[in-house]
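A.B. asks: The structure's right below; bear with me while I get my questions together.
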Amino acid sequence: MRWYKIPEIQNFDKPFIKRIKAGNKTICLVNYEGELFAVSARCPHAGGDLSIGWCNNAKLICPFHRYSYDLRTGKGSEGQNDYINTYPVEIRDNTVYIGIQSFWEKIKEAFK
Ligand code: FES
């Protein structure tokens, strides 16, 4: 897994939802109730930008048709039958890092 430094995020005191780049991924970084979550920024329903959505009950809600996704697992709410990718987040020396697996790492893990 490769870790990407996200230097533009300096303040974790207030809740936020931000669209950021990590490697070749566009990610939605969410500070929800004091915890950071990194998820895919693209809504699988019709491609909406999840970074302009909002959170409720640890779910990220897409502003376009209000599909919602669990921030921890990425799983879509009942009846949606979809999901968004989630990425590990670490804070080192007050800087955010997001971990992204390569395609081959994902394949290897799937066959463990
Ligand atoms: S584009 Fe996100 S719910 Fe439709």
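A.B. asks: Using the Karplus curve 6.51 cos²θ - 1.76 cosθ + 1.60 with θ = phi - 60°, work out ³J(HN,Hα) for each residue of segment 40-47 in order, rounded to whole Hz, and write x for Gly and Pro.
C.D. replies: Residue by residue, segment 40-47 yields 4, 7, 9, 6, x, 5, 8, x Hz.
A.B. asks: Gaussian network model of the chain, Cα springs within a sub-10 Å range: biggest mean-square fluctuation belongs to which of Lys75, Lys59, Lys14?
C.D. replies: In the Gaussian network model the winner is Lys14.
A.B. asks: Under the rule a/c < 1.5 gives rounded, and otherwise a/b versus b/c splits prolate from oblate, where does segment 4-112 land using the Cα gyration tensor?
C.D. replies: On the way: a/c = 1.75, a/b = 1.07, b/c = 1.63.
Taking the square roots of the gyration eigenvalues as a ≥ b ≥ c, segment 4-112 is oblate.
A.B. asks: Leaving out ligands, DNA and RNA, what percent of the accessible area of segment 1-41 is carbon and sulfur, probe 1.4 Å?
C.D. replies: About 43 percent, which is the carbon plus sulfur part of the accessible surface.
A.B. asks: At a 1.4 Å probe radius, which order do Cys55, Cys62 fall into by accessible area, largest first?
C.D. replies: Most to least solvent-accessible, the answer reads Cys55, Cys62.
A.B. asks: Next question, about the same structure. Kindly sort Lys25, Lys108 by accessible area of their heavy atoms, largest first, with the probe set to 1.4 Å.
C.D. replies: Lys108, Lys25
A.B. asks: Who wins for biggest fluctuation among Ser51, Ser68, Ser77 in a Gaussian network model of the chain, springs between alpha carbons below 10 Å?
C.D. replies: The residue with the greatest mean-square fluctuation here is Ser77.
A.B. asks: Step through the residues of segment 12-28 one at a time and calculate ³J(HN,Hα) from phi using the Karplus curve (6.51 cos²θ - 1.76 cosθ + 1.60, θ = phi - 60°), rounding each to whole Hz and writing x for Gly and Pro.
C.D. replies: Rounded to whole hertz, the list is 10, 6, 10, x, 7, 10, 10, 8, 9, 10, 9, x, 9, 9, 9, 10, 9.
A.B. asks: Let me ask another. State in Å² the accessible area per residue of segment 13-112; use a 1.4 Å probe, count heavy atoms of protein chains only, and round to the nearest integer.
C.D. replies: Values: 6250 Å² over 100 residues.
Computed with neighbouring chains in place, this is 62 Å² per residue.
A.B. asks: Residues of segment 40-68 with the amide nitrogen closer than 16 Å to a label point 7 Å from the Cα of Glu109, along Cα-to-Cβ, please.
C.D. replies: Residues 40 fall inside that zone.
The values are calculated or read from the model by the stated rules, or taken from the named source; none is laboratory data. The model shown is predicted, which means the values in this text are computed figures rather than measured ones. So basically every Cβ, Gly included, is an ideal-geometry build from the backbone, and we count neighbours across all protein chains shown. Ligands, DNA and RNA are stripped out before the accessible areas are found, and what is left, the full protein with its side chains, is counted by its heavy atoms. Shrake-Rupley method; radii C 1.70, N 1.55, O 1.52, S 1.80 Å.
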